[in-house]
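Colleague: Starting off with a structure, shown below.
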Amino acid sequence: MKVEKSFVTPKWLKIKAMYEAGTNGSSEYGTNFEIKGELDELCLEFIDMIGDITHEMGFDATVEGVHLNLWKERIWSLVENAGLLPNIAWKDELEDEIEDTWNQEDDEFEYNIEDHEHEAYGA
């Protein structure tokens, strides 16, 4: 039995062809394809479509001969590689936090037990 590829596959092939024809190789947000441009809009439509299919058929469905997880991985990878995925705020905050503590002096973490002996024994 031949699997009919009439809805998801053609949309994916259009998105993939547009990416391959127009990429400059940068995955940094906004530096490859235009945010809210044609590729971005097509990707959002595709993601919505896959979400609707997941809702209707379940997460373990196969559509047009391809498991939903593979469709999701494909679009996620393309969006990320096209520079259409903004930085995640908590990752930026975590990076800033790491940078802030990286250069602190080591003596901040030292604790002289003898200076605080009276606390332990109530003296």
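Taken together, the values in this text are just the output of simple stated rules run on the coordinates, not laboratory data. Predicted model only: the values in this text are computed from it and were never measured. Cβ atoms come from the backbone with ideal geometry, glycine included; neighbour counts cover every protein chain shown.
Colleague: Using just the C-alpha positions of the stretch 8-87 as equal point scatterers, what log10 of I(q)/I(0) does the Debye formula give at each q in 0.27 1/Å?
Modeller: The Cα Debye sum returns log10 ratios of -1.29.
Colleague: At a 10 Å Cβ-Cβ cut-off, how would you order HIS67, HIS55, fewest neighbours first? Could the numbers behind the result be given before it?
Modeller: Working: HIS67 13, HIS55 9.
Going from sparsest to densest Cβ surroundings: HIS55, HIS67.
Colleague: Sticking with this one: Report, in debye and to the nearest 20, how large the dipole of the stretch 8-87 comes out about its Cα centre when Lys and Arg carry +1 and Asp and Glu carry -1 on their Cβ. Walk me through the numbers before you get to the answer.
Modeller: Values: 6 positive and 14 negative charges, 38 e Å.
For the stretch 8-87, the charge dipole is close to 180 debye.
Colleague: Treat the count of other C-beta atoms within 10 Å as a stand-in for reagent exposure and order LYS14, LYS36 from fewest to most.
Modeller: By the 10 Å Cβ count, ascending: LYS36, LYS14.
Colleague: With each label point set 7 Å from Cα along the Cα-Cβ vector, what nm distance links LEU13 and SER26?
Modeller: 3.2
Colleague: Taking the number of other C-beta atoms within 10 Å as the exposure measure, put TYR19, TYR29 in order starting with the fewest.
Modeller: Listing TYR19, TYR29 from fewest to most nearby Cβ atoms yields TYR29, TYR19.
Colleague: Taking 0.36 nm per residue of sequence separation and subtracting the Cα-Cα distance, how much length would be gained by fully extending the chain between ILE98 and ARG74, in nm to one decimal?
Modeller: Values: separation 24, 0.36 × 24 = 8.64 nm, distance 3.18 nm.
Once the chain is fully extended between ILE98 and ARG74, it gains 5.5 nm.
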